[in-house]
Amino acid sequence: MTAQQVKIGIIGGSGLDDPDILENRRKTTVSTPYGNPSDVLIEGEIQGVNCVLLARHGRKHNIMPSNVNYRANVWALKQAGCTHLLVSTACGSLREEIKPGTLVILNDFIDRTTKRCQTFHDGGSESPQGVCHLPMYPAFNERCRQILLKTIQELEFNVHDKATMVTIEGPRFSSRAESNMFRQWGGDLVNMTTCPEVVLAKEAGLMYAAVAIATDYDCWREGCESVNVHPVT
């Protein structure tokens with residue numbers, strides 16, 4: 001794939017959806033067979049590379065995690081010609097060594113959501129035909145992961161090169177028993193948005209990678225303040 005063919009979709013999570021990162025910006029309102037995405041698409045360039053920015057929770061941050069139209073978001077970016085999808089997500093750390101303020105390049109997930117559509121192949125009149133049994137290993141595109149990792153290291157930010165994200169339904173945070181259970185399962189981080197976004201991106205054929213930022217220690221860690229809205233937002 002040549003540089004001219006690359007078009008990067010960027011889904012910004014909490015606090016990371018600033019359109020000022022783009023040059024020659026223009027807004028596009030779109031619809032999809034699955035409804036409307038969270039907000040307008042903001043197209044532009046970063047150092048000559050075509051990019052499309054979408055605020056996952058809306059630019060007013062008024063869409064809760066379970067109400068995000070993940071299918072419309074991913075479909076709209078695919079429809080806009082995106083080849084890659086790079087996303088950010090705020091999360092809680094389930095590991096002592098992943099300190100708040102640390103960046104993490106995700107490589108796997110555990111899905112604890114229950115209310116979200118996870119495929120475009122839903123039998124609808126405008127949906128792709130058939131059933132899609134999608135392998136989810138590897139869950140994230142390894143080449144994109146390594147590029148993100150190298151770039152972050154060059155910028156000299158603290159970063160972990162892999163982690164398993166546990167995605168919960170939300171909008172509530174975990175109980176302490178749940179937080180400890182996720183640790184026992186092998187989870188390293190917990191958030192509310194990786195699933196089904198990662199699944200839909202792979203089904204759509206987009207090369208997907210995620211940068212997570214740990215904002216807190218969830219609530220498993222004794223002797224410190226449990227997660228609350230202020231540090232996350």
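Computed from the C-beta positions of N67 and E97 and an R0 of 41 Å, the FRET efficiency is 0.75 to the nearest 0.05. Using only side-chain charges placed at the Cβ, +1 for Lys and Arg and -1 for Asp and Glu, the dipole size of the chain relative to its Cα centre rounds to 420 debye.
Multiply the residue gap between Q129 and E225 by 0.36 nm, knock off their C-alpha separation, and tell me the result in nm, one decimal place.
Working: separation 96, 0.36 × 96 = 34.56 nm, distance 4.92 nm.
Working it through step by step, the gained length comes to 29.6 nm.
Local charge for S226 was computed over the other residues whose Cβ lies under 9 Å away, with Lys and Arg +1 and Asp and Glu -1, and equals -1.
At a 10 angstrom cut-off on C-beta neighbours, averaged per residue, how do the peptides 96-106, 186-196 rank from highest to lowest? Working shown, then result.
Working: 96-106: 16.8, 186-196: 24.2.
Peptide ranking by packing, descending: 186-196, 96-106.
In the chain, helical runs assigned H by DSSP with n ≥ 4 each contribute -39500 (n - 2.57); averaged across all residues and rounded to the nearest 500, the mean residue ellipticity at 222 nm is -6000 deg cm²/dmol. The modelled label-to-label distance for the pair N180/I147, using points 7 Å beyond Cα in the direction of Cβ, is 4.3 nm. Ordering A76, S38, S66 by the projection of their Cα atoms onto the charge dipole of the stretch 28-176, which places +1 on the Cβ of Lys and Arg and -1 on the Cβ of Asp and Glu, puts S66 at the extreme positive end.
Over the chain, what relative contact order in percent results from Cα pairs under 8 Å that are six or more residues apart? Numbers along the way, then the final one.
Values: 498 pairs, mean separation 60.2, N = 233.
Relative contact order here is 26 percent.
Axis of helix 194-203 versus longest Cα principal axis of the chain: the two differ by about 30°, to the nearest ten degrees.
Cross-link partners of K78 among lysines, defined as those whose alpha carbon lies under 19 angstrom from its own and excluding same-chain residues fewer than eight positions apart: K7, K27, K202. Inter-label distance, N36 to D161: 4.5 nm, where each label sits 7 Å from its Cα along the C-beta direction. For E142, the accessible surface of its heavy atoms amounts to roughly 90 Å² (probe 1.4 Å, protein chains only, rounded to the nearest 10). Between V40 and any residue 5 or more places off or on another chain, the built amide H atoms are never under 5 Å apart.
The values are calculated or read from the model by the stated rules, or taken from the named source; none is laboratory data. Note that this is a predicted model, so its numbers are computed, not measured. Every residue, glycine among them, receives a Cβ derived from its backbone with ideal geometry; neighbour counts consider all protein chains shown. Accessible surface areas use protein heavy atoms only, side chains included; no ligands, DNA or RNA. Shrake-Rupley method; radii C 1.70, N 1.55, O 1.52, S 1.80 Å.
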